[in-house]
1. I need to check one value: relative contact order of segment 167-230, counting alpha carbon pairs closer than 8 Å and at least 6 residues apart, in percent.
2. Please arrange SER259, SER287 by counting, for each residue, the other beta carbons lying within 10 Å of its beta carbon, fewest first.
3. Quick check on the exposure proxy: order GLU309, GLU118 from fewest to most C-beta atoms within 10 angstrom.
4. What order do you get for TYR190, TYR86 when you list them from fewest to most C-beta neighbours inside 10 Å?
5. Using only Cα atoms, what is the ratio of the radius of gyration of segment 117-156 to 2.2 N^0.38 Å?
6. Sort 294-302, 143-151 by the packing proxy (mean of other Cβ within 10 Å over each peptide's residues), most packed first.
7. Can you grab the distance from the C-alpha centre of segment 175-196 to the C-alpha centre of segment 279-311, Å, no decimals?
8. Less than 15 Å Cβ to Cβ from PRO265, Lys/Arg counted +1 and Asp/Glu -1: what total charge do the surrounding residues give?
Amino acid sequence: MILCLGAAGCQRIVDRIRDETRDRDPPPATQTPPTNTPTNTPTNNNPNNNPQIQIPGLGQLPIPFPIGNPPGGTNNNGSPNAPVDYASIAPAPAGSYDNTGTMTQAFLRQETFQVFSELVQNLSAEDRAKIQGIPLRVAESPREVNAAAGCTRGRRAFMLITSALLTLSGAAAEAKAYDDLSGQRVQEQYYTNTATNVRRQQPVQGLGPGVIPMPLALDARKLARQRLLFDEQVGFVLGHELAHHYRGHTGCANGTPASDQEVTPEEVVRVLSNTVPLFNQPLELESDTWGVTNVLDAGSRRQGGRWNEEGALMSLDFFGHLTRLGVDTLLLGIMRTHPPPALRIPWVQAAANNWRNNIRPQAGTIPGLPIPIPLPQGFPIQLPAPPR
Ligand SMILES: [Zn+2]
């Protein structure tokens with residue numbers, strides 16, 4: 001999820017991308033309406049005012065729903081807008097939070113590695129063999145909300161997640177856990193503030209003292225749920241990046257992982273500042289499919305609170321806030337490296353619904369792409385074959 005770069009290099013890189021995309025962008029495609037609209041296409045959309053979204057490699061897609069809709073609520077039962085089942089969630093571990101009820105930085109890091117380990121353990125044997133032993137590194141980068149599947153110069157695989165992304169995920173988890181109990185909208189305000197910070201290339205901050213008032217800040221239900229919500233967000237991000245490796249997008253995950261020593265600070269900087277989009281957008285959608293599948297697979301075997309796609313939808317909601325601020329045009333941004341949230345949100349929801357219906361991702365549903373891409377069944381968009 002290459003999202004943004006360090007402040008110093010950002011404008012230079014934006015200029016480069018602009019230059020490159022100016023040369024590379026195809027001429028506007030003629031609008032071609034879908035010829036085979038699935039029967040379950042939502043009827044409450046806006047068919048006369050469908051925005052057109054440019055997906056490199058896929059031409060222009062009519063999106064049959066309004067852009068900018070926040071994701072629908074999905075609770076830890078996996079059903080939209082149902083009450084949270086607090087009894088199913090394990091209590092927050094002792095020491096995971098401070099005296100204001102905020103998860104500590106040390107815990108967020110420890111938990112990230114735990115989530116990563118569970119994701120790896122729950123892959124198929126074939127996929128796991130490709131990425132077993134890949135090191136995960138937390139990059140100390142307070143301004144970059146970012147994660148990456150990287151290859152060293154010696155073509156060994158590793159994984160990165162930035163400290164800013166952990167801060168964002170921890171604070172959003174706490175805000176949502178509080179909102180669910182109180183009926184407030186702290187998470188929405190936090191996303192708005194943080195998206196503004198990212199736009200200004202300022203460090204990502206936590207919620208700040210006093211934002212979550214007592215006594216709910218230390219309520220056992222809130223403490224347990226914020227940990228679950230953090231796991232689900234980081235699980236989706238890491239699952240997405242892992243998929244880039246084991247689905248062969250990076251080309252370096254072949255069972256010979258990088259050693260810790262090989263992941264030098266220079267390699268970390270190089271991968272995080274990779275200015276040219278590493279993957280194309282169909283591959284990003286494929287990684288979304290496998291990422292959410294991985295989270296649900298691993299989460300279904302957990303005791304003390306199953307994971308579902310709500311964390312994925314939270315992360316995509318944040319990207320949507322960036323989009324609405326115009327960050328995609330200002331910074332390198334996910335819009336260049338990843339499809340827009342307006343596409344990814346229903347995509348992830350469809351993939352999760354498939355999972356609940358025991359439909360595994362299938363290969364080969366979009367003909368003509370360089371690799372087979374699993375298209376979630378019931379997805380409300382008929383993807384056209386890419387132009388030749
Ligand atoms: Zn990606």
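1. Details: 59 pairs, mean separation 32.3, N = 64.
Answer for segment 167-230 is 50 percent.
2. Numbers: SER259 13, SER287 26.
Ascending number of Cβ neighbours within 10 Å: SER259, SER287.
3. GLU118, GLU309
4. Numbers: TYR190 24, TYR86 17.
If I rank by nearby Cβ atoms, fewest first, I get TYR86, TYR190.
5. Details: Rg = 12.7 Å, N = 40, 2.2 N^0.38 = 8.9 Å.
Working it through for segment 117-156, the quotient is 1.42.
6. Values: 294-302: 21.1, 143-151: 24.7.
The most tightly packed comes first, giving 143-151, 294-302.
7. Computed from Cα coordinates, the inter-centre distance equals 23 Å.
8. Numbers: positive: ARG137, ARG153, ARG270; negative: GLU140, GLU144, ASP260, GLU262, GLU266, GLU267.
Taking every other residue near PRO265 into account, the sum is -3.
Taken together, the values in this text are just the output of simple stated rules run on the coordinates, not laboratory data. All values derive from a computational prediction rather than experimental measurement. Virtual Cβ from ideal backbone geometry, glycine too; neighbours counted across all protein chains shown.
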